[in-house]
Amino acid sequence: MQNHHHYFISSKNKIESFVTKEIMKPGDQIPSIRDLAYTLGINPNTVKKAYDLLEQKGIIISKSTLSCG
């Protein structure tokens, strides 16, 4: 469980830092859940949870959210 939490926080923090340091700009596409999970060698569910939290914080916006608006 500890490793799962570490990877969750690490992936969330990495994406959040890309946005706050303006490495990623509004409109840039973030990696798919599957692609990021493969790259980091972690479970896709971990990436999904990180993306969900980032969306709740307003850091990212998913395509499904945009299509519902």
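The values are calculated or read from the model by the stated rules, or taken from the named source; none is laboratory data. This is a predicted model, so every value here is computed, not measured. Surface accessibility is based on the protein's heavy atoms, side chains included, excluding ligands, DNA and RNA. Shrake-Rupley method; radii C 1.70, N 1.55, O 1.52, S 1.80 Å.
Inspect all residues belonging to the stretch 50-66 and state whether any of them is modelled with pLDDT of 85 or more, part of a helix (DSSP H, G or I) and open to solvent by 70 Å² or more (accessible area, probe 1.4 Å). Yes, some residue in the stretch 50-66 is modelled with pLDDT of 85 or more, part of a helix (DSSP H, G or I) and open to solvent by 70 Å² or more (accessible area, probe 1.4 Å).
Looking at the stretch 15-38, can you tell me whether even one residue there is part of a helix (DSSP H, G or I), basic (K, R) and open to solvent by less than 50 Å² (accessible area, probe 1.4 Å)?
Start the filter on the stretch 15-38 by keeping residues that are part of a helix (DSSP H, G or I), which leaves 15-20, 33-38.
Within this subset, residues satisfying the condition of being basic (K, R) are 34.
Adding the requirement that they be open to solvent by less than 50 Å² (accessible area, probe 1.4 Å) leaves none.
So far as the stretch 15-38 goes, no, none of its residues is part of a helix (DSSP H, G or I), basic (K, R) and open to solvent by less than 50 Å² (accessible area, probe 1.4 Å).
Does the stretch 5-13 contain at least one residue that is among the charged types (D, E, K, R) and modelled with pLDDT of 75 or more? Yes, the stretch 5-13 has at least one match.
The residues of the stretch 39-49 that are open to solvent by 20 Å² or more (accessible area, probe 1.4 Å) and of a type in the set (S, T, Y) amount to a single one, T39.
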